[in-house]
Amino acid sequence: MEETSDAKRRRTEGSPAGFDDVEEEARAEEDVGEEEEPDWDAIEAKRLEEHERILRTRPTRLTHPILDAPEFRPTREEFLDPIAYLEQIREEAEAYGIIKVIPPDGWAPECGLDWESPKRFATKRQRIDRLQQSQPYDDGRKYTLKEYRRMANRFMDAWLTREERPVDIGTATDWGELYDDYWNIVDRGAMIGEEIEVEYGNDVDVHKYWTGFVKPDLKPEQLSVAAAAAAPYGSPEYYRRSGWNLNNIARWPGGLLKHVTVPI
């Protein structure tokens, strides 16, 4: 089809009509390339609805209680070498995923925490009712050990004495019922209709702060069954050299973690 003389004149002279045609084509191309903004509120609402549906229909710890972990009771001689003992019970124990090793009578190490320390450690604000939504934690306050224990005890006292608790299992009078409270809130999530937030003080670097066991300050080559056996069972020196001291077990002879060169 041949171009008319008027159209040719407008094109060659750069007339407003020709400019408008180009502008309209550009706008049309922009419109085609634009994508509609997703409705994020609707997407989040749908995700939460599906999450709550799953929580309503799946088994919980109250409807399907978890069995206690099997218990193992080594002799004092077997207890000297944690790696050898775990290998000894491996065939029976590994089917459970977790076990409980009960030390021989007389095991009572002193707590290595320094309750008078002025050091403060950071916490995270953990929403218990949203743990299964994989949301990041906000930063909480910083505490000394004494301040954190005081805060935690106040929270526990307030929880136990509140008139209405979101989990109806009666009045919690022991740690087992508090444990049930915690996991029922985790399982039911947003269905409890209440925000339950705690300041979570885990992941504290024991090399910078403290550990429940006495810090042994021993080099890996100083850890051995013979050195532990030379100390009287139940003495401070025994706990310092024991492979069950959690500061030692990662570097104990025969364990894979001893090959890790950074602090554990």
Task: By average C-beta atoms within 10 angstrom, highest first, the peptides 203-210, 225-232 - done: 225-232, 203-210
Task: Per-residue HN-Hα couplings for the stretch 65-81 [Karplus 6.51, -1.76, 1.60; θ = phi - 60°; Hz; x = Gly/Pro] - done: x, 7, 5, 5, 5, x, 9, 10, 10, x, 6, 4, 5, 5, 6, 5, 10
Open item on the list: Distance cut-off 22 Å, Cα to Cα: go down the list K119/K219; K219/K258; K142/K215 and report the pairs above it.
Closed with: K119/K219; K142/K215
TODO: For G140, list long-range residues whose amide hydrogen, built 1.01 Å from N in the peptide plane, is under 5 Å from its own amide hydrogen.
DONE: T123, K124, R125
Task: Globularity index of the stretch 195-264, i.e. its alpha-carbon radius of gyration over 2.2 N^0.38 Å - done: 1.34
Task: Qualifying chymotrypsin sites (Phe, Trp or Tyr not before Pro) for the stretch 96-133 [loop in DSSP, other Cβ within 10 Å: at most 10] - done: W115
Open item on the list: When the expected Rg is taken as 2.2 N^0.38 Å, what fraction or multiple of it is the alpha-carbon Rg of the stretch 110-264?
Closed with: 1.34
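Any read-out appearing in this document is the output of simple, stated calculations on the displayed coordinates, not a laboratory observation. For clarity, every value in this text was computed on a predicted model and none was experimentally measured. Note that we place each Cβ from the backbone using ideal geometry, even for glycine, and neighbour counts take in every protein chain shown.
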